[in-house]
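Following: one structure in structure tokens, then a few remarks.
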Amino acid sequence: MADEALFQFLHNELIQYVYKSAEQGEMENGRCITKLENMGFRVGQGLIERFTKDTPRFKDELDVMKFICKDFWTSVFKKQIDNLRTNHQGIYVLQDNKFRLLTQLSAGKQYLEHAPKYLAFTCGLVRGGLSNLGVKSIVTAEVSVMPACKFQVMIQKV
Amino acid sequence: MAVCIAVVAKENYPLYIRSVPSENELKFHYTVHTSLDVVEEKVSAVGKVLVDQRELYLGLLYPTEDYKVYGYVTNSKVKFVIVVESSNTSLRDNEIRSMFRKLHNSFTDVMCNPFYNPGDLIQSKAFDSVVSSMMVQAC
């Protein structure tokens, strides 16, 4: 059970570190989200390489998204995505009703403004994973009620 | 054992290519380059007619007079190509498969190395030694 906590602690410290160094004037504040997102991107690329090593080839985009929702999410967050919706035109909405990186934060409105920094890394993670599978995308996240959040994946057609 | 092993990126440029030292090294580069068309063909056929053929290992791509070319494509569209001599009849399909397996495992390690930038040439020593172990030992 300890390994679950490790990732969470490391992730928390990562955010602290990025924001602390921003405070000390090493970079402007808006860049923090981008920096976290980029870290996630690289990690996602490596992870997906490892996770898809023994899986058969994917049929299509939806197949890839299902893999992200089930296997990828289970490996990283110990649960599956609760709801996957798509308009079949390149937009996917992944809903997690109890997102693990937000569960340690108060469920009220108090920390709602801090939520984006806890989601940036994961956005990058998904984007990196997809990009390594040959799907270029933009991933954004939104939170309305605390431990639940939605990731919107917009596939970019070439 | 193999006479040439190559790793080709998603965008079809070589990440790694190694062949037994011989005077016609260029020929191997040419062989690998030619095989990419066959790989493309096989991969795009997936999901159309043969639904159950979704294995990463593509099997024999094409035989030439002197060599046999085998292919493998990862889910991230990175291609592995192994060229063996046709005269080497002792090599079974299963052995080729396990060679690709080993290659893929090692490639995954390279990808997960934080000092490696995805898309760069592979210069890892660990990867090198895995490849060496699969090459023809004679020369």
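Here is how the numbers come out for the structure above:
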{"item": "The range B:84-100 - residue that is touching a residue at least 24 places away in the same chain (Cβ under 8 Å) and open to solvent by 70 Å² or more (accessible area, probe 1.4 Å) and, of those, farthest from the other protein chains (Cβ to nearest Cβ)", "result": "B:85"}
{"item": "Test for residue A:109: is it away from chain B (no Cβ under 14 Å), more than 17 Å from the chain's Cα centre (by Cα) and not polar (S, T, N, Q)", "result": "yes"}
{"item": "Any chance residue A:151 is modelled with pLDDT under 90 and buried (at least 20 other Cβ atoms within 10 Å of the Cβ)", "result": "no"}
{"item": "Filter result (farther than 18 Å from residue A:45 by Cα, within 14 Å of chain A (Cβ to nearest Cβ) and among the aliphatic types (A, V, I, L, M)) within the range B:104-133", "result": "none"}
{"item": "Every pair of residues 6+ apart whose Cβ atoms lie under 6 Å, when the first sits in the range B:113-130 and is free of Cβ contacts under 8 Å to residues at least 24 places away in the same chain while the second is of a type in the set (A, V, I, L, M, F, W, C)", "result": "B:116/B:110; B:124/B:110"}
{"item": "Output for the range A:43-59, where each listed residue is more than 10 Å from residue B:76 (Cα to Cα), touching an Asp or Glu at 6+ places or on another chain (Cβ under 8 Å) and facing another protein chain (nearest Cβ under 7 Å)", "result": "A:55, A:56"}
{"item": "Residues located in the range A:111-122, provided they are part of a helix (DSSP H, G or I) and either in contact with a Phe, Trp or Tyr (Cβ under 6 Å, 6 or more places away or on another chain) or open to solvent by 10 Å² or more (accessible area, probe 1.4 Å) (or both)", "result": "A:112, A:113, A:114, A:116, A:117, A:118, A:121"}
{"item": "Members of the range A:123-144 found to be open to solvent by 30 Å² or more (accessible area, probe 1.4 Å), of a type outside the set (D, E, K, R) and over 20 Å from residue A:8 (Cα atoms), listed by number", "result": "A:134, A:138, A:140, A:144"}
{"item": "Only one of A:35, A:20, A:59, A:78 that is on the phi > 0 side of the Ramachandran plot and either basic (Lys, Arg) or over 15 Å from the mean Cα position of the chain (by Cα) (or both)", "result": "A:78"}
{"item": "Any hit, the range A:133-147, residues being in a helix (DSSP H, G or I) and within 19 Å of residue A:74 (Cβ to Cβ)", "result": "no"}
{"item": "Residue check, residue A:92 open to solvent by less than 40 Å² (accessible area, probe 1.4 Å), more than 20 Å from residue B:9 (Cα to Cα) and away from chain B (no Cβ under 14 Å)", "result": "yes"}
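Yes/no per residue for (1) under 26 Å from residue B:129 (Cβ atoms); (2) over 12 Å from the mean Cα position of the chain (by Cα); (3) within 14 Å of chain A (Cβ to nearest Cβ):
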position: B:4; (1), (2), (3): yes, no, no
position: B:13; (1), (2), (3): yes, yes, no
position: B:63; (1), (2), (3): no, yes, no
position: B:73; (1), (2), (3): yes, no, yes
position: B:82; (1), (2), (3): yes, no, no
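The values are calculated or read from the model by the stated rules, or taken from the named source; none is laboratory data. These numbers come from a predicted model, not from an experiment. Every residue, glycine among them, receives a Cβ derived from its backbone with ideal geometry; neighbour counts consider all protein chains shown. Protein only, heavy atoms only, side chains kept; ligands, DNA and RNA dropped before computing areas. Shrake-Rupley method; radii C 1.70, N 1.55, O 1.52, S 1.80 Å.
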